[in-house]
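Step one of this worksheet: look at the structure below.
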């Protein structure tokens, strides 16, 4: 019965993984896209988070900003997901032991749970606080968690290369 | 001639020596550079998308530019400060790096182009639609410029 380490090592040994990893062109290009893609995901969601904190676009209803910004966040996330998976395939065996990579994965799960909880609870009643002068505490807490988690993900992602043994 | 002398001088300043020798200095400043990039890039992206008629369609072009001005201007200032600190860690080395030179040239051009345009548009409150092909072209140029700057920055480590 193969364990996770064996699976990672198997992936690492494939032609596909090796081709990306050893290419002087492919790995830097995919990584460059992954780095610049941060702006599309974190930069856009930050605008919504800052709106929830009452710091930008206060004249616009929260739901309208969410509706207009989220498609771009999702588009950016799909780019990040694909490039991230490719990078993870290329470094499967080494990432297995990398604590920065592990923490980043845990944080990614948390940053997904945060808006899920938000949308299932306080956001359900958004029409009651859409244009409120002060957004509800739970909405602001969700925004703060979002910003904090994404910042931590970026830091963890950068640390992966530093932690490499 | 003066530039290289200036770079040598910068390398010998207290801050320069600190950035060069500090174990965590470079990494921490680089994280700041990356985090500022996230906020700045996102704001620039949403402004340029609005110029193209996408994104925050319920607000006018000048409204979006104006609302996000703190993020675009504040963001680029944060990028510049963190970038300058990174540069201080090895001014002469970066001076000779072609990717770094390209990045700086593109950066100064982008500053003038993008912010000159942004501020004009933000102040011209009467501007309601983005049907003008000039606005759309400038948005495309802006996006290409900033992307190129980002890629050039990434290339610094490889060249």
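The values are calculated or read from the model by the stated rules, or taken from the named source; none is laboratory data. No experiment lies behind these values; they were computed from the predicted model shown. Note that we place each Cβ from the backbone using ideal geometry, even for glycine, and neighbour counts take in every protein chain shown.
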* Asked: Any idea which residue in region A:22-46 is nearest to residue A:73 (Cα to Cα), counting only those that are out of contact with any helix residue (DSSP H, G or I) (no Cβ under 7 Å at 6 or more places or on another chain) and more than 7 Å from every other protein chain (Cβ to nearest Cβ)?
  -> A:29
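Buried (at least 18 other Cβ atoms within 10 Å of the Cβ), in contact (Cβ under 8 Å) with a residue 24 or more places away in the chain, away from chain A (no Cβ under 11 Å) and more than 23 Å from residue B:16 (Cα to Cα): which single residue out of B:138, B:82 fits that description?
Values: B:82 fails: more than 23 Å from residue B:16 (Cα to Cα).
Result of the check over B:138, B:82: B:138.
How many of the residues making up region A:136-165 are in a helix (DSSP H, G or I) and closer than 29 Å to residue A:124 by Cα?
Taking region A:136-165 as the starting set, the residues that turn out to be in a helix (DSSP H, G or I) are A:137-163.
Still in the running and closer than 29 Å to residue A:124 by Cα: A:137-153.
Going through region A:136-165 one residue at a time, the tally reaches 17.
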* Structure fact -> Restricting attention to region B:24-33, the residues that are within 7 Å of another protein chain (Cβ to nearest Cβ) and in contact with a helix residue (DSSP H, G or I) (Cβ under 6 Å, 6 or more places away or on another chain) number exactly 1
* From B:34, B:3, B:86, which residue is at pLDDT below 95 and assigned to a helix (DSSP H, G or I)? -> B:3
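Looking at B:101, B:93, which is the one that is closer than 16 Å to residue B:147 by Cα and away from every other protein chain (no Cβ under 11 Å)?
Answer to the selection: B:101.
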* To do: Please enumerate the residues belonging to region A:142-159 that are more than 8 Å from every other protein chain (Cβ to nearest Cβ), over 10 Å from residue A:104 (Cα atoms) and in contact with a helix residue (DSSP H, G or I) (Cβ under 9 Å, 6 or more places away or on another chain).
  => A:142, A:143, A:144, A:145, A:146, A:147
* Checking residue A:78 against (1) within 30 Å of residue A:125 (Cβ to Cβ); (2) surrounded by 20 or more Cβ atoms within 10 Å (Cβ to Cβ); (3) free of Cβ contacts under 8 Å to residues at least 40 places away in the same chain, which test does it fail? -> (2)
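How about region B:34-70: which of its residues are on the phi > 0 side of the Ramachandran plot and either at the interface with chain A (Cβ under 7 Å from one of its Cβ atoms) or in contact with a strand residue (DSSP E or B) (Cβ under 9 Å, 6 or more places away or on another chain) (or both)? Don't jump to the end; show me each part of the working.
Start the filter on region B:34-70 by keeping residues that are on the phi > 0 side of the Ramachandran plot, which leaves B:53, B:55.
Passing the criteria: only B:55.
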